Amino acid sequence: MINVKDRDIVVPGELLGQGVRCEGLCVSEGESGYSLVRGLARVNGDRVSIIPSNGAYTPKPGDMVIGVITNDFGGVYFMDVDGPYICVLKPDRNGGFRGRAGGRGNRDRGGGRGNRGGPRMEKPETFEVGDLVSAKISHVDEVKEAKVVGPRKLGVGKVIRVKPMRVPRVIGKKKSMINLIRDYTGSKISVGQNGLIWIKDGDVNLAVEAIKKVEAEAQTSGLTDRVTEFLKSRSKRAK
């Protein structure tokens, strides 16, 4: 029996139900499940997870993050992702980065046969301290030091911060929310799971306002409709 409904606000220690499967920021004690934090309950059948109301970003494998190169140790880079954890960008044995030049992830995505003759020995991309980079977390160790792969320089643009737990709402189901904002603003937008968002071209100010509106109203229903109306009323592309 589950005591909470989907999208209910819960507090630390609150009983979520009996016989529930706790999947995130809740704990089982015997047959009972309890919330570990204040946040939003997400219920799917007998599975319950909690989206925290506040908190710093915790890296997870598979996350796309945005950060700044802070140190260069002979081609091994440290990346600040606006959190308490270190992200390390290290070249592979071919001298490149997986997913970029010289790495195993370098596949032909243009419809050709791909690179069957072995790794392409292109000159690997290098970075400088201060570069803004997006990358994918490939591994996190027991002290939360994260390794990242597939780096891409983002270049000049506006960077804003949102709470990391609001990122899923900013992106939306199947990227529906972020694509809505892109369509009405004409902006290029890259969203990091760590809460850093890069915006370039188009109506940047409107894109920022829309993203901040999503962040502020993330725990309310009917948000997509309100954001759509907001963008329609402000966007030159809608007229």
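The table below gives the values:
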| quantity | calculated |
| --- | --- |
| Residue count for segment 1-58, restricted to those that are surrounded by 12 or more Cβ atoms within 10 Å (Cβ to Cβ) and touching a residue at least 40 places away in the same chain (Cβ under 8 Å) | 18 |
| Sole residue being at pLDDT 95 or above and at negative phi, chosen from 202, 192 | 192 |
| Subset of segment 23-40 (residues that are farther than 13 Å from residue 3 by Cα, modelled with pLDDT of 85 or more, assigned to a strand (DSSP E or B) and not acidic (Asp, Glu)) | 26, 27, 28 |
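The values are calculated or read from the model by the stated rules, or taken from the named source; none is laboratory data. These figures come from a predicted structure and were not determined experimentally. A quick note on method: Cβ atoms are made from the backbone with ideal geometry, for glycine too, and the neighbour counts reach across all protein chains shown.
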